[in-house]
Every structure is written in structure tokens, then in C-alpha cells.
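The values are calculated or read from the model by the stated rules, or taken from the named source; none is laboratory data. Keep in mind it's a predicted model, so treat the numbers as computed, not measured. When we count neighbours, we look across all protein chains shown, and the Cβ atoms used for this are built from the backbone with ideal geometry, even at glycine.
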Amino acid sequence: MKTLAAALVLFAGSALALPDPRFDGKAEKPAPVAGAKASAAAISEADSRVWVEIEAPGRTERQAAVDAGISVEEIKPGVAAGFATPKALARAKAAGLKVRATVSLRQRFGALDFPEKDALYHNYKELEADMRSLAARAPDLVSMISIGKSTLGRDLWAVRLTRGAKGTQPSKKPGIVFLGTHHAREHLSTEVPLLLAKHLVDNSADPEIARLLETRDVYFIPMVNPDGVEYDIEGGKYHMHRKNMAKNGDGSTGVDLNRNYAWGWGGGGASPDPGDDTYRGPSAFSEPESKAVKAFVEARPNLKVLLSYHTFSELILYPWGGSNDQIPDAKPRAAFQAMAGEMAKMTGYTPEQSSDLYIATGDTCDWAWGAKGIYAFTFELTPKSMWDGGFYPGAGVVARVLQANIRPALYLIDLADDPLRSVNGGGAFAASAAAKSSGEALK
Ligand SMILES: [Zn+2]
């Protein structure tokens, strides 16, 4: 394993130059980041969080770390690592966990500049502008709608891709929604759904994609947490911010939106301490952002599949996240496993039930499946580890990660009419052609 010092150099220097995959990016220079020259450290003195590595031979220790309030972001053989406040670290120690290493965010990441090349990642305004231009470019196919407002009053934008229905008009076509950036610092999870939408529009003449756009109702909500995203890049430096920008009663900032959904809310792996990165909020759906997603889903009973992008670790996760139990009904369980397995073949990511990592309650996917019967997946995108770039892997990975995620997206869109078709390798975009024909026969 790399030493911490060497790894930190890698971490800071991981941005690589590649063609800019951004919308209409032909001659466009990356927009300058406001205040990029600011010398103030991004991680404020008040931010006493540490990156901590805990000895964790198995799930028991991982769960204890999560339950202490650590946001576990990386799991390696024998080790669970993530962010902890001093209080969470003390709780972890009190629970008997062995701390292998800690690094202060303030000292070690305090001067971590937002690299100029990372400006190709979309901030809120750029995202809004690109979604608008996409809708203007293909008005017969694309509409842009706001699904609600963030804590600080920003519109939560969605683009809808389908033939024959516009805006909020209801549709009986099987629907699917791709979500990004519940967690602010996971910027790559904005790029993937945005660029997927663009890919579908750019290739709408392709017969397979044309068929999907004719027969499916496809939504992209690339930035569920715009306030958090804007804060995370404020001043041209990264803040390692995860939550939204709600003001908590104890003076801390933010609720973890992916612990704020109603299914199992308040259970394990979601902190009651407002200062923790995994703070679940004062009640289920207490936050305008999670509320907006709920209302969006409830207004569209045609939605059958949901994919929520996060970073990082290269995983494909399916319910339950809040319980070690498997989905009780064998048929959908087989479909979840088949779909996750197929998409793993396409991406090289690891498929597993979400709670195989550790139990975490109140996430989007448990709610979507448990409350609404929507086949719901979480993708933890590239890279594999914190020291390969973690939340800030650089602009160089965007094109590659997009490429890896096109086929899984097409696969899910196709299966939205009946996800059970996935069992035995069914689905027009399934990885194996031989398995595919036997699956098609099940239709
Ligand atoms: Zn996340």
C-alpha cells in the first residue's frame, strides 16, 4: 500500500488533460471559477473533521464505524475509511474500534485547490445553461422542468426525454429516472447523468435509441443538491462537503439527503448528530431536496426504474441498504441480482446488496423500492479509492466513466417496461448475446 504522504501527492495531482466532453464545448474554455485565486483555505478552522482509517476485518466493525457517525467512503481488506468529526472518532474509539490512521482535513486538504482543468465539471449555472441548450436543440424530444426548490431556493432541474409528451404531461410509457449528486462533493455524479442525456439526444437517430425514446419516458435530475455543490467549490477550493446547506439547531450545516428518505428512516447507519456527515435530519423528508424527489416520483406512477449516481468505489448496489435481509420476494430479487450482474459485466464495477457494505437507513433506493416498487440502484462511480482521486478524480476520467455508463443506462431504459425480463440474461442490451436471445423468448 502507498504511504499516506505519497498518496496525498497523487491525490492532489490526479487531474489529467483529455478532450472536454462538456456540452457545446467546442471552442469553449472552461468557465473560470469565481475567486479561484483566493488564498483562504477551503477547509475552515471550524471544520475539525479527519479522514480516518479504522481496522475493520469484517462487517461488524464496519457497522460499528458507521454507527459511530463516520461516513465510511472506502472499504479495503481489513480497513474501513471515511470522514469523522472528533465526536464521531471518540464514539468509534469508545465502541472499541482500533484507529489505524487519521489525517486532518484542515491540515492536509486545507490548501487543496480546485484545479483549473476540473472547471469542466459543471457548477449549478453551467448545468442549468447546458440543460436549457439541450432542450432548445431538440424541442420535440427534450423538455426541462423544475421539480422544486433547494434549501437556498435554487431550482432542482430535470430534463425529460421522450416522444409525444412534454413538460409535466402525464405518460403511460414505462418511465425511468437517473439522479445525480445527492452528495455535494461527488461531482462526477452530476456529469454522468447530464452527459447521458446529451448522448441520447446526439444519437437519437440510432434505431435502438430512437426506439427507446419512442417507447419510454426518461428523466435525468443531475444535481439533487445544488446548494451543497456550490458550497463545495466555493472560493475555487474544495470543501469536501457532503450534505445539503440546511442550518441545524446546533449551528452545524447540512443534512445527509441520502439518509433522509422515509424507508427505515431513523435506524442504523444514519447519524442523529447534526454535526456528522451522515446526519439523517430531524425527520424523514425534512429537506426540500428529498421532498422534491418524493413528489416527483409520486406524480409519475409510470416510473419503474431509478438509478442514483454517487461516487466513489466502483460498486453497483441494490436494496436493501437499511437491513441485512434480502428482498423477500424471489422474483424481483432475482431481477435485481440479474440486472446488477449484467451491469457489472459492462462496467467492471462490483455488484452487491447495499447492506453487504454496512447498514445505512433512509437512502433513496430503499424508499423507491420499499415504498413505490421501483427497481432502484445506486452506482458508486470511479475511482476505486480515496488515493486514486476519491471525490476529486480530475477531468481526465469523465469521458471514460461516461463511456462505461452508456450501456448500463440503455439496458435499464429498455427494461423499464418489465424489469423481470432481466432474469436469465434478458434485455436488448444485455451483455451476452446468447443469453439475450433466451431472455427475449421469455417476453
Ligand atoms: Zn454519495
Enumeration of residues in region 232-259 that are on the phi < 0 side of the Ramachandran plot, within 13 Å of the ligand (Cβ to nearest atom) and in a loop (DSSP other than H, G, I, E, B) = HIS241, ARG242, LYS243, ASN244, ASP256
ask   = What are the residues in region 193-210 that are acidic (Asp, Glu) and either within 18 Å of VAL398 (Cα to Cα) or under 25 Å from the mean Cα position of the chain (by Cα) (or both), if any?
value = ASP202
query = Can you name every residue in region 302-353 that is without any contact (Cβ under 8 Å) to a residue 24 or more places away in the chain and either within 16 Å of the ligand (Cβ to nearest atom) or of a type outside the set (D, E, K, R) (or both)?
reply = PRO328, ALA330, GLN337, GLY341
query = Given the conditions (1) farther than 26 Å from ASP67 by Cβ; (2) touching a strand residue (DSSP E or B) at 6+ places or on another chain (Cβ under 9 Å); (3) surrounded by fewer than 21 Cβ atoms within 10 Å (Cβ to Cβ), and given that ALA334 satisfies all but one, which numbered condition is not satisfied?
reply = (2)
query = Just one of the numbered conditions (1) within 23 Å of the chain's Cα centre (by Cα); (2) in a helix (DSSP H, G or I) is not true of ALA81; which one?
reply = (2)
key: Subset tally (residues that are more than 15 Å from ALA84 (Cα to Cα) and at pLDDT 90 or above) for region 42-60   = 5
task = Please work out if PRO32 is assigned to a loop (DSSP other than H, G, I, E, B), modelled with pLDDT of 90 or more and not assigned by TED's automatic domain parsing to the domain that holds SER355.
result = no
ask   = Given the structure, is ALA165 in contact (Cβ under 8 Å) with a residue 40 or more places away in the chain and either crowded, with 24+ Cβ neighbours inside 10 Å or of a type outside the set (A, V, I, L, M, F, W, C) (or both)?
value = no
query = Name the pairs whose Cβ atoms lie under 8 Å apart, with the first residue in region 376-391 and more than 14 Å from LEU306 (Cα to Cα) and of a type in the set (A, V, I, L, M), the second within 10 Å of the ligand (Cβ to nearest atom) and assigned to a strand (DSSP E or B), and 6 or more positions between them or separate chains?
reply = LEU381/TYR309; LEU381/HIS310; LEU381/THR311; MET386/GLU73
request  = With the checklist (1) at positive phi; (2) within 16 Å of the ligand (Cβ to nearest atom) in hand, flag the one item PRO226 doesn't pass.
outcome  = (1)
note = Residue count, region 219-234, condition in contact with a Phe, Trp or Tyr (Cβ under 8 Å, 6 or more places away or on another chain) and at pLDDT 95 or above, comes to 8
query = Within region 264-299, restricting attention to residues that are surrounded by fewer than 19 Cβ atoms within 10 Å (Cβ to Cβ) and within 21 Å of ARG216 (Cβ to Cβ), which residue is farthest from the ligand (Cβ to nearest atom)?
reply = ALA299
request  = Pick out the one residue from LEU188, LEU179, LEU156, LEU195 that is of a type in the set (A, V, I, L, M, F, W, C), crowded, with 24+ Cβ neighbours inside 10 Å and more than 16 Å from the ligand (Cβ to nearest atom).
outcome  = LEU195
ask   = Just checking, how many residues over region 355-373 are surrounded by fewer than 23 Cβ atoms within 10 Å (Cβ to Cβ) and under 16 Å from LEU306 (Cα atoms)?
value = 5
ask   = Out of all the residues in region 134-145, is one or more away from the ligand (no atom under 16 Å from the Cβ), more than 20 Å from ASP363 (Cα to Cα) and free of Cβ contacts under 8 Å to residues at least 12 places away in the same chain?
value = yes
Residues being in contact (Cβ under 8 Å) with a residue 24 or more places away in the chain and more than 24 Å from PHE83 (Cα to Cα) - total across region 193-246 = 23
ask   = So which residues in region 140-166 are assigned to a loop (DSSP other than H, G, I, E, B) and either within 20 Å of GLU208 (Cα to Cα) or among the β-branched types (Val, Ile, Thr) (or both), if there are any at all?
value = ASP140, LEU141, THR151, THR162, ARG163, GLY164, ALA165
